[in-house]
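Inspection log for the structure reproduced underneath, given as structure tokens.
The values are calculated or read from the model by the stated rules, or taken from the named source; none is laboratory data. It should be emphasised that the depicted structure is a prediction, and the values quoted were computed from it without experimental measurement. Cβ atoms come from the backbone with ideal geometry, glycine included; neighbour counts cover every protein chain shown.
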Amino acid sequence: MGSGESGHSSHPQSISIREFICHGGAGATAGAIAATFVCPLDVIKTRLQVHGLPQASQSGAKEYWIIG
């Protein structure tokens, strides 16, 4: 892979403004999506670690664990 084969160089000085904005937007979008899905899962994981799984009642009826 010589220079100029792919049209892109690995040097940061050769990146255009448009590519910079595109990469920045893609990174910001990926971070927002990751935070949207990972943060609630971390909250659930932490609450399960602190409180444990909900116990079934003696009557056999299910208790609902409300996250709030």
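Just name the residue that is surrounded by the fewest Cβ atoms within 10 Å (Cβ to Cβ) out of those in the stretch 11-32 that are outside any loop (DSSP other than H, G, I, E, B) and at pLDDT below 90. Even if it seems obvious, please write down each step before you answer.
First, pick out the residues of the stretch 11-32 that are outside any loop (DSSP other than H, G, I, E, B): 12-14, 17-32.
Subset that is at pLDDT below 90: 12-14.
Values: 12: 7, 13: 5, 14: 9.
For the stretch 11-32, the residue satisfying everything is 13.
Answer yes or no as to whether residue 8 is surrounded by 10 or more Cβ atoms within 10 Å (Cβ to Cβ) and either modelled with pLDDT under 90 or of a type outside the set (D, E, K, R) (or both).
Numbers: surrounded by 10 or more Cβ atoms within 10 Å (Cβ to Cβ): yes; either modelled with pLDDT under 90 or of a type outside the set (D, E, K, R) (or both): yes.
Taking the combined requirement at face value, the residue satisfies it.
In the stretch 33-68, how many residues are modelled with pLDDT of 85 or more and of a type in the set (Asp, Glu)? Before you say what the answer is, go through the steps one by one.
Within the stretch 33-68, the subset modelled with pLDDT of 85 or more is 33-52.
The next check asks that each one be of a type in the set (Asp, Glu); those that pass are 42.
Total meeting the criteria: 1.
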